[in-house]
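Visitor: Have a look at this one before I ask anything.
The values are calculated or read from the model by the stated rules, or taken from the named source; none is laboratory data. Since the structure is predicted, the reported quantities are computational estimates derived from the model, not experimental observations. Don't worry about glycine lacking a Cβ; one is built from the backbone with ideal geometry, like all the others, and counts go over all protein chains shown. What goes into the accessible areas is simple: the full protein's heavy atoms, side chains included, and nothing from ligands, DNA or RNA. Shrake-Rupley method; radii C 1.70, N 1.55, O 1.52, S 1.80 Å.
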Amino acid sequence: MSNITDILHSIPVDPLTGAISVPVYQTSTFVQEAPGVNKGFDYARSNNPTRQVLENLVAKLEGGHSSFAFATGIAAIDAVVKSLSAGDEIVAVDDIYGGAYRLLTHVYQKLGIIVHYVDTTDANNILEKINEKTKLVWIESPTNPTLKVSDIQHISKIAKAYNALLVVDNTFASPIAQRPFELGADIIIHSATKYLGGHSDLVAGIVVTKTKELSEKIKFIQNASGGVLGPWDCFLTIRGIETIDLRVPKQSASALKIAKWLQEHEAVDQVHYPGLTTHKNHEIATRQQNGLFGGVVSFSLKEDTLEQAEQFVTQTKYFKLAESLGGVKSLLCQPCKMTHASVPREKRLQSGIQDSLIRLSCGIENADDLIQDLEETFSKLISKQTTLI
Ligand SMILES: *Cc1c(COP(=O)(O)O)cnc(C)c1O
């Protein structure tokens, strides 16, 4: 990331009043002196001063040319896919975010966009599907919920050789842990609902563009399709970003501590966390993630059943049972019954999502309290088993 001092002080002091906090411009339109003569704003779908501050901030945070704020992460993804035409192809990571899979498969496929899903942790799989019709290579790194990591720099070279753009969904790493533009990405996506907002109090999405040409394309779609983020949610996202440099390192440190602890636990089968030396992609994760591996850890149980995992996720005290991640309060979920319920079991197992898989999103509580919560929950499970016997 760029220097946090520069980031914070790039947020302008309000020129009218000196307010240090960004004003919420809750307005639909802007009064003009004469037709077309205005102060740079005419109608709030096209532009809004609060949104402009957020968009400039995220562009700076990621080191891009511009960024564009949308009503949700999915709306941000949608805006990028809309830049394609019928017959164009996408090569996408196989365990792409479920909502993105639904959008690509059930909305865009019938409009003539062809998507090939491959395991992008091995770049040879991309080479098998990429061709002259490929316009986008779409990766997430790390992925959800098994935290697979792909080599962004290597993949960017493959995409360039075919004149395709590389899109990196940087939601799971956050701009604090990973700088996709420096690794060759052309477009970065954020579900700002997660680490950027950071407080589980909004849904939002951002597209960050590397070049002026791409910025003009996305700006056109943002205005033409209209899925913009409202001024109040822009304000909350700015406010969240102001502390991201404190939150993500703490969440990552807790997650690493918890992952190591889980690895030693007798009731745990596999632990997925790129910060563990046993993780399949640990080496590349270390190289491209600034030593921060994010706040999400997932693990499966020795007693690998849906029921056992359900018992676990309903008995924790601090880890609240809910979808989403990246907030200051810890959450957990059972992907097979929640986020990945629509994925057929066979396909889930192929991508390492065992029946008992549990996903943790570590917040900013004390790591030892979180570990104690997990320990107590494990002991409840064990005591339930013994009472059954
Ligand atoms: C949550 C998420 C999205 C979708 O964002 P919403 O804000 O929920 O629409 C996209 N990509 C990833 C990796 C996510 O985790």
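Visitor: For the pairs K194/K260; K257/K280; K110/K219; K302/K337; K210/K329; K194/K219, note any where the Cα-Cα span goes beyond 30 Å.
Guide: Checking Cα-Cα distances, K210/K329 exceed 30 Å.
Visitor: Shifting gears a bit: Keeping the other protein chains in place, figure out the carbon and sulfur percent of the accessible area of the chain, with a 1.4 Å probe.
Guide: Whole-percent figure for carbon plus sulfur exposure: 54.
Visitor: Tilt of helix 152-161 relative to the longest C-alpha principal axis of the chain, in degrees (0 to 90, nearest 10)?
Guide: Rounded to the nearest ten degrees, it is 50.
Visitor: Can you report the principal axis dimensions of segment 4-241 using only the alpha carbons, biggest first, rounded to whole angstrom?
Guide: 57, 38, 29
Visitor: I need the phi-derived Karplus couplings for segment 275-286: 6.51 cos²θ - 1.76 cosθ + 1.60, θ = phi - 60°, integer Hz, Gly and Pro marked x.
Guide: Rounded to whole hertz, the list is x, 7, 5, 7, 5, 4, 10, 4, 5, 5, 4, 5.
Visitor: 222 nm [θ] for the chain, helices only, -39500 (n - 2.57) per DSSP H run of 4+, per residue, to 500?
Guide: -11000 deg cm²/dmol
Visitor: A further question on this structure: Sort segment 294-389 into rounded, prolate or oblate with this rule: let a ≥ b ≥ c be the square roots of the eigenvalues of the Cα gyration tensor; rounded if a/c is under 1.5, and if a/c is not under 1.5, prolate when a/b is larger than b/c, oblate otherwise.
Guide: oblate
Visitor: Here's another thing I want to ask about it. So how much slack lies between E375 and H282, counting 0.36 nm per residue of separation and subtracting their Cα-Cα distance, in nm?
Guide: Taking 0.36 nm per residue and subtracting the Cα distance, the gain is 30.9 nm.
Visitor: Another question, if that's okay. Which one of T120, T105, T339 has the biggest mean-square fluctuation once the chain is modelled by GNM with Cα springs under 10 Å?
Guide: T105
Visitor: For segment 219-252 and segment 1-39, what is the separation of their Cα centres, given in Å?
Guide: Spelled out, the Cα-based centre of one part sits 15 Å from the other.
Visitor: If you don't mind, there's one more thing I want to ask. Find the centroid of the Cα atoms in segment 284-318 and in segment 161-202, then give the distance between the two in whole Å.
Guide: Segment 284-318 and segment 161-202 have Cα centres separated by 21 Å.
Visitor: Something else about it: Can you tally the net charge around K302? Count Lys and Arg as +1, Asp and Glu as -1, for every other residue whose Cβ sits under 11 Å from the Cβ of K302.
Guide: Cβ neighbours under 11 Å give a net charge of -4.
Visitor: Choose one answer from P335, P344, P274: the residue with the largest mean-square fluctuation in a GNM of the chain with alpha-carbon springs under 10 Å.
Guide: Between P335, P344, P274, it is P344 that shows the largest mean-square fluctuation.
Visitor: Using a 1.4 Å probe and counting only protein heavy atoms, arrange R102, R247 so the residue with the most accessible area comes first.
Guide: Most to least solvent-accessible, the answer reads R102, R247.
Visitor: Right, next: With the cut-off at 1.5 for a/c, could you classify segment 88-182 from its C-alpha gyration tensor as rounded, prolate or oblate?
Guide: Oblate is the answer for segment 88-182, as a/c is 1.5 or above yet b/c matches or exceeds a/b.
Visitor: May I ask you to give the solvent-accessible area per residue for the chain, in square angstrom, as obtained with a 1.4 angstrom probe?
Guide: 44 Å²
Visitor: Another question, then. Under a straight-distance cross-link criterion of Cα-Cα below 17 Å, which aspartates and glutamates are reachable from K82, leaving out those fewer than 8 residues away in the same chain?
Guide: Straight-distance partners of K82: D169, D186, E213, E216.
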